[in-house]
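S.K.: Sharing a structure, written as structure tokens. Questions coming.
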């Protein structure tokens, strides 16, 4: 994706925090296999709640409708295949990352791209909050004594993930590789064991639902609603395309490989669990999750069950890591496009977009606290944002193929067009069915973020125009200037400040504000004895204000006669941070007032202590 050159941007440094940009070692990046725990846990962990969401909807039509989970799952897996193929194309076309934002920007323009960015932003925050809350809920189910500590546990997990991701995405990927492998292997053990059984395991600990021999007739709207609810299992598919630069070179090829691997794992899991749901007559209950019932029916209630259940709990909590890999990169791209503050484009040595990580953690923490770590309170908000992004990415690719008309463009456009229609239908159903139960929050948050992006972009345009970025400025010419040095006493700090001022300006004047006449006379006498060759002006205000007399002095005809006026404020800088509180803060106050209420240039010069 094209980026604005630093010379045409407002407030940019070198684009790096710590001077390490361009020095990323392969150790700081991930392989194709590591991409699964780093960027795919959100999608993989969704098998713990996606099938249950479908069954909950189908159960409204009676037990006979539960068997419809198989055709609905097939439709979802078909959509999964389309999305995987599409996002492999996105990865190839936009290797700098950004996913649906990059596609929308290239094919629809800035307004639509802001919609994609806002949708992804909301989804990433919700993913963190929902995943952690779901993991805590699973833990509390196993240990009810922890129920009163749900909020503390959720915030603790969030803090752990934040600290881990501040060390780099590769660190979190390697840390989560083992629990991810245990969860995937355990789920396949459940599926294979279940397929080899004709009936549930003895002492499985679940009650099978009595299904009629003839399946109940289910209305098309209910099937569409079940399809939309089950599509929550597809959240996270886009995360790999959003963070392609996190992979080792060749990054695009590795990212496409991870996307395909994710599609195979998730698709086979969803199909296998759907078959077992019908085979073992599984239905939604308030005491046990659907995945737990399937696991008990397949492998019994022995040690294997508890290993898989614990792995499910861990994976649900760690699924939040998907957002920590995606949002900081998205925010860095938005910073390059002037849609968020440029500080989000800075990276540290690892490399880590630390500001994006911290902001994501703060928003997620606020949401978790607001709902008291209650997963059900956030589920109605979930998936609306990401499916909006799905629709925009698919539609953007259709326009791309129609415009470029490359080899077999019509087949690719047809594939993406089908995906766009399916995800658009799911988005509308999500919004309509969940609007009154919390979906309205997303309906407000996304336009609100779009407005915020637009205002930030406008600010950068206005400032850039005033700075004359992109134009040829007039030739610099020397001008006579005046440097005003604020002093309080004759000291080594005063001497250092005057030396700096004499090297900067043609004319230097020392200025002191004294409220006590005796101290003013003493300073005058000491200054005359020292005789540094610089004139000293002493102000004796009647009030205790410092800023007012200084402002009046700077507005006097004598001072305003100079075209450039620089006020140099020297201040003590202790060696130890805790000693900063012991220093007089009036220099900071004076500097802030002068910047706000005058047109002079203000420079604060530290006098560093070495023996405090």
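S.K.: So for the chain, Kirkwood radius off the Cα pairs, Stokes-Einstein at 4 °C and 1.567 mPa s: how many µm² s⁻¹?
M.R.: 46 µm²/s
S.K.: For 530, 401, what ranking results if the residue with the fewest other Cβ atoms within 10 Å of its Cβ goes first?
M.R.: The most exposed by this proxy come first: 530, 401.
S.K.: Once the range 283-349 is represented by equal point scatterers at the alpha-carbon sites, with solvent omitted, what log10 I(q)/I(0) does the Debye formula produce at q = 0.21 Å⁻¹?
M.R.: Cα-only, vacuum Debye calculation for the range 283-349: -0.87.
S.K.: Measuring from the lowest to the highest alpha carbon on each principal axis, how far does the range 115-169 reach, largest first, in angstroms?
M.R.: Ordered largest first, the range 115-169 gives principal extents of 42, 27, 14 Å.
S.K.: Per-residue counts of other Cβ atoms within 10 Å, averaged by peptide: what ranking do you get for 231-237, 260-266, highest first?
M.R.: 231-237, 260-266
S.K.: A follow-up question, please. Using a simple spin-label model with points 7 Å from Cα along the Cα→Cβ vector, what separation in nm is obtained for residue 108 and residue 437?
M.R.: Calculated label separation equals 2.7 nm.
S.K.: Would you work out the relative contact order for the chain, in percent, from Cα pairs under 8 angstrom that are 6 or more residues apart?
M.R.: Rounded, it is 22 percent for the chain.
S.K.: For the range 560-610 and the range 80-136, compute the distance between their C-alpha centroids and round to whole Å.
M.R.: After rounding, the separation between the Cα centres reads 45 Å.
S.K.: Here is a further query. Give me log10 I(q)/I(0) at q = 0.13, 0.17, 0.18, 0.21 Å⁻¹ for the range 481-608, Debye formula, one equal scatterer per alpha-carbon, no solvent.
M.R.: Once normalised to I(0) and log-transformed, intensities are -0.53, -0.93, -1.05, -1.42.
S.K.: Ranking 577, 184, 76, 91 by Cβ neighbours within 10 Å, fewest first, what do you get?
M.R.: So the residues, fewest neighbours to most, are 577, 184, 91, 76.
S.K.: In degrees between 0 and 90, to the nearest 10, how far off the longest principal axis of the chain does helix 220-230 point, with axes built from Cα atoms?
M.R.: 50 degrees
S.K.: Rounded to the nearest 10 degrees, what's the angle between the helix 303-318 long axis and the longest principal axis of the chain, both from Cα atoms, 0 to 90?
M.R.: For helix 303-318, the angle is close to 40 degrees.
S.K.: For the chain, take the longest principal axis of its alpha carbons; what is the angle in degrees between that and the long axis of helix 150-165, to the nearest 10 within 0 to 90?
M.R.: Here the helix axis deviates by roughly 70 degrees.
S.K.: What percent does the relative contact order of the range 239-296 come to when contacts are Cα pairs within less than 8 Å and at least six residues apart?
M.R.: 19 percent
S.K.: Take 229, 437, 323 and order them by how many other Cβ atoms sit within 10 Å, fewest up front.
M.R.: With the sparsest Cβ surroundings first, the list reads 437, 229, 323.
Read-outs: derived from the displayed coordinates by stated rules, not from any lab. What you are looking at is a predicted structure, and each value in this text was computed from that prediction instead of being measured. Cβ atoms come from the backbone with ideal geometry, glycine included; neighbour counts cover every protein chain shown.
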